[in-house]
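Read through the structure below, which is laid out as structure tokens, and then see the notes.
The values are calculated or read from the model by the stated rules, or taken from the named source; none is laboratory data. What you see is a predicted model; the values in this text were computed from it and never measured. Positions of Cβ are generated from backbone atoms using ideal geometry, with glycine treated the same way; all protein chains shown enter the neighbour counts. The area values use the complete protein model at the heavy-atom level, side chains included, leaving out ligands, DNA and RNA. Shrake-Rupley method; radii C 1.70, N 1.55, O 1.52, S 1.80 Å.
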Amino acid sequence: MQQIVMMSLNRRILFSATLVLLIFIVGIAWTLDRAFYDSARVGVKDRLFAKVLMLMGDAEVEDSGELDVPTNLLDAELGHVNSDTYAFIIGPANTIVWRSTSSLNKPIPDIALLEKGKKEFAQIMINDESHFIYRYGVAWETPSGDHPLTFNVITDTVLFEAQIDRYREDLWGWLGVMAVLLLATQMLVLRWGLQPLRKVSVELAAIESGHQERLRGIYPSELQLLTDSINSLIAHEHKQQKRYRNGLADLAHSLKTPLAVLQGAIHSEDDEAIRRKTIQEQIDRMDNTIQYQLRRAATAGSSPGMGLILLRPMADRIVNTVIKAYRNKQPAITVAIDDSIGLRIDEGDLMELLGNLVDNAFKWCRSSIHLAADYQQNQVVIQVKDDGPGIQPHEIARILERGVRADQSTPGHGIGLAIVRDIMQVYGGELSIENNPDSGLCVTLRLKKSK
């Protein structure tokens, strides 16, 4: 199966930023080019319009209708034969009534008169060459009547296109330099910005190689949640490994005594019934010890990313299961847990906590069991009460004492409550056991309220 290699974060950001920069540069270049082109075109239009006004100022129409434009008043462009700009005037019947000296060797396009006051500026082709033309239609008033005239000024686009080409060369040259500088600056900024991520990578490599146990660096607020979660996962994993090691060590230590008893029973000269009883007792003891240590080692503990588990459905589920195991008892069961109360805890650990407490309550109750949970400040408080005989005060102190192993616990109470105690220690919770004022036992669990 082909492995998909994902582009590194640095390359992804650099590629995206470069693409955005190129699009931005091209957009800016197009906008500036368009603006300069339009501005240059307007400049040509204004220049040709000025020449039209100049011609109109110099022109005179006689009473007979003849047009007179003094050639000595023309500017250098219109009065020079090799000029790129020339002018002509169209009179009635679309005839050319006047043309400048510069138009003598130039082709005159076939155009018609314009209406009075109408102006036109366009780009036309003359002999396959591009030209600009400005036209202005007037009606010259004379005693003999109005004489329609259209003033026309034409210039080629060579100078205009050369100006545009020079501008584009300068524009793209400077934008190219700016793009290179921006890319270089962007790479430096990106390198500086991603430095905390590289630091995380270096520290994770050091953790993997065993040179350090956690992330120790100071990171930006955007990464602080990530680094804190990684440290929490690492701490959780270390605790889990420690629990497995301690569980195996405790299991090995706890099995020494029953194994020695079994070995002695094999070579004992007692009768068969006594030997069988001794062997069965030690087998039961070993089985209880193994079950306890396995449950203790498997306690998950709190870790980032755990989902919120609602207490009420879990409590109902456990109560319904335990009822089937104690069919001979039918105590009055009260469950006072609001549907909104929940904990961020491993589901198996929660089942161990409630299962052991409810099982003990069923085992020792007479006629009633009360299971409740509520929020108290920043804690979730869970209580399981029964109306049984309770426990002697010195037994309570011994069960809650840290380090008590399964084979040292009182049968019927020690293993289950020891498992509850160990789970509560892993989650940083509090476990308290006390006798009810009337009768029976009350077990209280206090766990940190989930956000």
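The set of residues in segment 93-118 being polar (S, T, N, Q), part of a loop (DSSP other than H, G, I, E, B) and either over 23 Å from residue 75 (Cα atoms) or open to solvent by 30 Å² or more (accessible area, probe 1.4 Å) (or both) consists of 95, 105. For first residues located in segment 308-323 and in contact (Cβ under 8 Å) with a residue 40 or more places away in the chain, partners that are in a helix (DSSP H, G or I) and surrounded by fewer than 15 Cβ atoms within 10 Å (Cβ to Cβ) and lie 6+ apart or on another chain with Cβ distances below 8 Å form the pairs 309/347; 314/347. State which residue is farthest from residue 419 (Cα to Cα) when the search covers only segment 258-290 and only residues that are of a type in the set (S, T, N, Q) and either under 60 Å from the mean Cα position of the chain (by Cα) or modelled with pLDDT of 75 or more (or both). So the residue we want is 263. Regarding residue 162, is this residue within 30 Å of residue 27 (Cβ to Cβ) and out of contact with any Cys (no Cβ under 8 Å at 6 or more places or on another chain)? Criteria met by residue 162. When 121, 88 are checked against the criterion of being assigned to a strand (DSSP E or B), open to solvent by 20 Å² or more (accessible area, probe 1.4 Å), within 29 Å of residue 38 (Cα to Cα) and at pLDDT 90 or above, a single residue qualifies: 121.
Looking at segment 182-200, is at least one residue over 26 Å from residue 10 (Cα atoms) and open to solvent by 60 Å² or more (accessible area, probe 1.4 Å)? No, the conditions are met nowhere in segment 182-200. So residue 139 clears everything in (1) within 23 Å of residue 69 (Cα to Cα); (2) without any contact (Cβ under 8 Å) to a residue 12 or more places away in the chain; (3) open to solvent by less than 50 Å² (accessible area, probe 1.4 Å) except one condition, right? Which one? The number of the failed condition is (2).
The helices (runs of 4 or more DSSP H) located wholly in segment 336-451 that include 2 or more residues which are within 30 Å of residue 237 (Cβ to Cβ), at pLDDT 90 or above and open to solvent by less than 50 Å² (accessible area, probe 1.4 Å) occupy 347-364.
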